[in-house]
Amino acid sequence: MINIRAASTLRLFVPVRGRPAPEVKWGKAEGEIKETAQIDNTGSYASLVIENVDRFDSGKYTLTAENVSGVKSVFISVRVLDSPSPPTNFLIKEITKNSVTLTWEPPLLDGGSKIKHYIVEKRESTRKVYSTITTCNKMSCKVEPLPEGGIFFFRVLAENEYGVGLPAKTTEPIKISEKPQPPGKVSVVDVTRSTVTLSWEKPEHDGGSRISHYEVELAPKESDTWSVCASVKGLETVVSNLLKGEEYQFRVVAVNDKGKSDPRQLAQSVVAKDLVVEPSVRPKVSSYSVQVGYDLKIEVPIAGHPKPTITWTKDGAALKQTTRVNVTESAHHTILTIKDATREDGGMYSINVSSDLGSKDATIEVITLDKPGPPIGPVKFEDISAESITLNWETPSYTGGCPVSNYVVEKRDTTTTNWVVVSATVARTTLKVANLKTGAEYQFRVYAENRYGKSYAIDSEPVVAQYPFQEPDYMITFCLEASVNGKPIPTAQWFKGDVEVENSARAEIKNTDFKALLVVKDAIRVDGGQYSLVLTNVAGTKTIPFSVKVLDRPGPSEGPLTVSNVTEEKCSLSWLPPRHDGGATISHYVIQKRETSRLAWTVVSSDCGATMFKVTKLLKGNEYIFRVMAVNKYGVGEPLESAPVIMRNPFVPPGSPQELEITNITRDSMTVCWNRPETTGGSDIVGYIIEKRDRAGVRWTKCNKRRVTDLRFRVTGLTEDHEYEFRVSAENAAGMGQPTGSTLKFEIPLTGRPLPKVILSKDNVLLKSTMRFNSEVTPDSIKITLRESVAGDSGRYDITASNSSGTTKTFVNIVVLDRPSAPLGPVELFDITEDSVSLKWLPPTYDGGSPITNYIIQKRETTTANWMDISSAVARCTMKIMKLTTGLEYQFRIRAENRYGISEHIDSPTVTVNLPYSK
């Protein structure tokens with residue numbers, strides 16, 4: 001006996017003698033010698049070499065030498081010490097609704113070592129990998145508990161001191177099921193002279209396998225002879241061809257692929273005869289209430305034979321049935337089911353039952369309970385002053401099925417986007433809002449509230465907190481007068497500077513022979529200056545000077561009004577003093593601003609002492625115009641306006657840090673290293689933000705509490721044997737840039753001998769190792785690493801493994817979690833009126849691996865580049881835009897949002913808001 005370990009080389013050498021030289025042949029008592037065996041026979045020896053032996057090379061080898069003198073044979077027994085061959089006669093002995101009993105016999109080849117035990121494994125039919133159930137020393141095993149109705153493959157493997165052998169496995173999937181329980185209650189639906197209509201309930205348990213059909217059996221009363229009269233898949237059937245006046249028994253049997261259930265018998269026997277009952281309908285109550293979003297089921301008892309026709313109507317019109325609202329009928333009831341009730345489901349429902357014997361009606365009211373509709377606008381303003389405004393509105397047209405408990409009023413300064421609650425307990429439809437800032441522009445928002453929640457809001461038009469009247473105006477007239485002497489009487493002329501003054505509506509010359517008079521009415525700033533009276537006769541010329549100073553508000557500041565150092569939320573203004581100071585020293589300047597989409601000006605500063613000012617707290621992306629007015633003791637001068645300017649940074653956030661690397665790993669800390677981003681965004685990088693998350697989690701948490709300026713950071717407080725992911729973002733004056741892409745690593749089990757060659761592809765393109773993508777094949781798995789994953793990495797990855805024994809294929813789907821792609825256009829515009837338009841679009845083609853939570857809608861007038869928010873809580877792919885200005889041209893912008901961020905936008909075509917028949 002020769003003992004040899006598996007994977008070694010077997011060498012058999014036998015000397016041979018004989019004359020004449022014998023013919024030598026090798027053989028094997030049971031089976032054939034491997035084709036790869038190397039046989040070398042000569043006149044003096046015979047050799048047999050088998051490389052990489054396995055359990056199947058065990059056995060009795062024969063060498064036969066033959067010549068004319070006779071035949072000689074020798075036998076050599078070889079035992080290959082290896083793991084066992086598969087167990088034999090592997091059978092499924094018994095199946096119940098939650099267990100399987102397996103049996104088998106020992107392997108034909110024990111591998112030269114005693115079998116230690118057997119390993120029993122299972123896998124679901126939808127999976128690729130087996131999992132171990134148990135190890136046992138017997139040659140049978142009851143596998144329990146198993147999920148009822150589950151489909152599994154099973155296998156068993158023998159193990160000796162040299163390892164685990166080859167498996168014996170089930171060739172077909174095994175379903176965990178048994179015969180069903182009896183059907184539920186059997187009932188009589190209808191009886192005629194020749195038919196009986198029966199119905200029954202499903203079995204409480206189908207045995208883990210789908211019920212294929214039901215068999216209905218009948219027998220004459222007081223007889224035990226049953227016969228099948230119907231075989232149906234549903235829960236109701238009509239048994240026909242009965243004899244009038246005869247009395248019958250009925251029973252029902254459920255059938256699945258494991259067999260028939262015990263029968264369920266009708267409680268009483270039935271006589272075949274016609275029944276006559278007048279129709280009736282009797283609702284249990286006259287009204288039902290249902291909260292919006294919940295289900296409502298109304299069962300109304302009915303009677304009548306023959307079975308009456310049932311008709312439902314709602315608010316006088318035929319009830320339209322859908323997948324959400326539908327009517328069903330049973331033997332003695334008509335049933336209205338409303339799923340996910342909406343506000344429109346409320347109303348009066350009528351039921352009519354009719355037959356040849358008569359007709360009856362009943363009415364039921366359905367009340368839908370929900371948060372109320374918005375208050376009815378517009379919001380009206382009364383008693384406007386510099387510090388308070390009184391608001392008025394109307395109650396909602398829909399109260400939600402219960403009284404409105406209160407109203408919530410909010411306000412915002414139109415220079416910000418922040419809404420502030422004024423009062424959340426307003427009991428009436430009016431409120432005086434006090435403590436307002438004089439000259440500030442406000443917008444108000446009103447909600448209605450009941451026990452089920454708060455309504456959508458209605459927004460008021462912007463309003464300025466100021467008194468509705470103006471300061472009194474006044475006009476000044478001045479006169480220049482001089483006595484005139486001379487012979488002959490001189491001619492008098494009035495001049496302002498070098499220009500002669502002529503009679504006009506405001507300048508009146510009243511000269512006489514002995515007096516010169518100039519009257520200037522409604523004097524204004526430019527009427528000031530040097531005047532002169534020129535008297536002329538033959539004797540000569542005389543000039544009398546006058547200096548006039550008109551005391552008035554200043555003129556406009558000298559321009560231009562320059563806007564510089566513009567960022568997302570601030571800018572600097574500069575200008576020159578007025579050319580005309582109004583006859584008094586300029587005390588200060590008033591600075592105002594307005595968004596180009598609005599008409600009202602708001603005060604930025606009312607006491608600026610210099611000819612420059614830094615404006616802050618502006619809104620990102622908004623377009624503004626600024627103006628400056630000089631002030632002296634006589635009042636506020638004329639304004640100087642700037643050109644429109646959009647608030648945005650001259651720089652952008654930086655790019656992503658490069659080449660993220662983890663070093664110095666200990667049991668509770670790691671050092672994260674990286675390189676600077678390729679782009680700084682036009683502004684110096686001020687620091688880095690380092691974040692971590694559990695490999696199996698979604699939420700990122702910040703690692704550094706203080707600003708990090710180095711290109712490395714040691715993360716401490718980690719949990720031993722835990723897997724983490726890290727990412728780093730750079731920050732500059734424009735904000736935080738995109739983080740380094742996350743790394744995806746996963747491992748796929750791999751078996752096969754010799755080691756298979758693995759090919760990976762995506763979209764029918766072979767994948768090669770790069771800086772971002774890498775695959776590694778080991779004896780038991782395929783390890784795939786995808787660094788800095790992006791949205792384009794999502795998709796199906798096909799994996800092909802092949803060796804000399806064959807080829808197998810599988811695939812994995814990878815979803816990269818990211819913000820969604822832009823909504824799909826084009827944007828459709830419809831239902832255009834004089835103040836509204838409806839939009840419709842399609843969802844993004846890529847949702848970022850997370851459901852779209854909402855859409856963000858903006859609008860702009862085409863005369864400006866400034867976009868204004870309309871709503872950031874649009875749930876569907878359609879919206880009606882209200883409160884537009886007739887005759888203006890608009891464009892709309894749509895973005896999608898999921899839990900990972902906001903998408904790029906799509907823009908609608910431009911549209912002019914007009915009635916369809918307007919010119």
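The values are calculated or read from the model by the stated rules, or taken from the named source; none is laboratory data. Just so you know, these numbers come straight off a predicted model, no measurement behind them. Here the Cβ is made from the backbone with ideal geometry for all residues, glycine too, and neighbour counts use every protein chain on show. Heads up: the accessible areas ignore ligands, DNA and RNA and are worked out on the full protein's heavy atoms, side chains in. Shrake-Rupley method; radii C 1.70, N 1.55, O 1.52, S 1.80 Å.
Would you mind counting up the charge near Lys72? Only other residues with Cβ under 15 Å from its Cβ, with Lys and Arg at +1 and Asp and Glu at -1.
Charge balance in the 15 Å sphere: +1.
Give, as a single signed number, the net charge of other residues whose beta carbon lies under 14 Å from the beta carbon of Ser606, with Lys and Arg counted +1 and Asp and Glu -1.
Details: positive: Lys437, Lys593, Arg627; negative: Asp607.
Taking every other residue near Ser606 into account, the sum is +2.
Calculate, for the range 277-369, the solvent-accessible area per residue in square angstrom, rolling a 1.4 angstrom probe over the heavy atoms of the protein chains.
54
At 1.567 mPa s and 4 °C, plugging the Kirkwood radius over alpha-carbon pairs of the range 66-166 into Stokes-Einstein gives what diffusion coefficient in µm²/s? Present the calculation step by step, with values, prior to reporting the outcome.
Values: Rh = 15.7 Å.
Value of D from the Cα-based Kirkwood radius: 83 µm²/s.
When the Cα atoms of the chain are enclosed in a convex hull and the volume is divided per residue, what value in Å³ results?
Taking only Cα atoms, the chain has a hull volume of 354 Å³ per residue.
Of the options Thr126, Ala539, Thr425, report the single residue whose Cα projects farthest towards the positive end of the charge dipole of the chain (beta-carbon charges: Lys, Arg +1; Asp, Glu -1).
Farthest towards the positive pole: Thr126.
For the range 55-105, what relative contact order do you get, as a whole percent, if you take Cα pairs closer than 8 Å and at least 6 residues apart?
29
Can you list the trypsin sites (Lys or Arg not before Pro) in the range 284-393 that are in a DSSP coil and have 10 or fewer other beta carbons within 10 angstrom? Before the final figure, lay out the partial values.
Details: sites: Lys284, Lys297, Lys314, Lys320, Arg324, Lys339, Arg343, Lys360, Lys380; in loops: Lys284, Lys320, Arg324, Lys339.
Here the trypsin sites (Lys or Arg not before Pro) that fit, given the DSSP loop and packing criteria, are Lys284, Lys320.
Can you pull the percent of the chain's accessible area that's carbon plus sulfur, 1.4 Å probe, other chains left in place?
On the way: 25610 of 52430 Å².
The computed percentage sits at 49.
Output needed for the range 277-369: three equivalent-ellipsoid semi-axes, defined as square roots of 5 times the C-alpha gyration tensor eigenvalues, in descending order, whole Å.
Numbers: eigenvalues 117, 28, 27 Å².
Equivalent ellipsoid semi-axes, largest first: 24, 12, 12 Å.
Pull up the DSSP beta bridges for the range 658-735 and report the antiparallel fraction as a percent, rounded to 5.
100
Report, by chain and number, residues whose modeled amide H sits under 5 Å from the one on Asn67, excluding near sequence neighbours (fewer than 5 apart, same chain).
Amide H neighbours of Asn67, under 5 Å, 5+ apart: Glu23.
Assigning unit charges at the beta carbon (Lys, Arg +1; Asp, Glu -1) and nothing else, what dipole magnitude in debye, to the nearest 20, does the chain show about its Cα centre?
Numbers: 112 positive and 109 negative charges, 388 e Å.
My answer is approximately 1860 debye.
Within the range 15-91, list the trypsin sites (Lys or Arg not before Pro) lying in a DSSP loop whose Cβ has at most 11 other Cβ atoms in a 10 Å radius.
Details: sites: Arg17, Lys25, Lys28, Lys34, Arg55, Lys60, Lys72, Arg79; in loops: Arg17, Lys34.
Taking the range 15-91 and a limit of 11 other Cβ atoms within 10 Å, the loop trypsin sites (Lys or Arg not before Pro) found are Arg17.
Relative contact order, percent, of the range 484-638 when contacts are C-alpha pairs under 8 Å separated by at least 6 residues?
Averaging sequence separation for qualifying contacts and normalising by length gives 20 percent for the range 484-638.
Of all beta bridges DSSP finds with both residues in the chain, what is the antiparallel percent, to the nearest 5? Present the calculation step by step, with values, prior to reporting the outcome.
Values: 271 of 280 bridges.
Taking every DSSP beta bridge within the chain, about 95 percent pair in antiparallel fashion.
If you count only protein heavy atoms with a 1.4 Å probe, what accessible area per residue comes out for the range 469-586, rounded to a whole Å²?
For the range 469-586, the solvent-accessible area averages 64 Å² per residue.
Counting other Cβ atoms within 10 Å, which GluC sites (Glu not before Pro) in the range 651-717 have at most 12 and lie in a DSSP loop? Present the calculation step by step, with values, prior to reporting the outcome.
Numbers: sites: Glu659, Glu661, Glu678, Glu691; in loops: Glu678.
Answer in residue order: Glu678.
Please compute the volume of the convex hull spanned by the alpha-carbon atoms of the range 185-272 and report it per residue in Å³.
Numbers: hull volume 7.4 nm³, N = 88.
Considering the Cα atoms of the range 185-272, their hull volume per residue is 84 Å³.
Stokes-Einstein diffusion coefficient for the range 645-749 at 20 °C in a medium of 1.002 mPa s, Rh from the Kirkwood formula over Cα pairs: what value in µm²/s?
Numbers: Rh = 14.8 Å.
Rounded, D is 144 µm²/s.
Local charge sum around Pro84 (other residues, Cβ-Cβ under 11 Å, Lys/Arg +1, Asp/Glu -1)?
Details: positive: Arg55, Lys114, Lys116; negative: Asp82, Asp110, Glu159, Glu161.
Around Pro84, the surrounding residues sum to -1.
With an 8 Å cut-off on Cα pairs and a minimum separation of 6 or more residues, tell me the relative contact order of the chain in percent.
Working: 2303 pairs, mean separation 38.2, N = 919.
For the chain, the relative contact order is 4 percent.
Under Stokes-Einstein, with the Kirkwood radius over Cα pairs standing in for Rh, what whole-number D in µm²/s applies to the range 801-919 at 25 °C and 0.890 mPa s? Walk me through the numbers before you get to the answer.
On the way: Rh = 16.3 Å.
Diffusion coefficient, whole number: 151 µm²/s.
Probe of 1.4 angstrom, ligands and nucleic acids ignored: what's the accessible area per residue over the range 658-735, in square angstrom? Walk me through the intermediate numbers first.
Numbers: 4930 Å² over 78 residues.
Accessible surface, normalised per residue, equals 63 Å².
With charges set only on the Cβ (+1 for Lys and Arg, -1 for Asp and Glu), what does the dipole of the range 607-716 come to about its Cα centre, in debye to the nearest 20?
Numbers: 18 positive and 12 negative charges, 117 e Å.
Roughly 560 debye, rounded to the nearest 20.
Compute from the Cα atoms of the range 557-647 the Rg and the Dmax, the latter being the longest Cα-Cα distance, and quote both in angstrom.
Taking only Cα atoms of the range 557-647, I get Rg and Dmax of 12.9, 42 Å.
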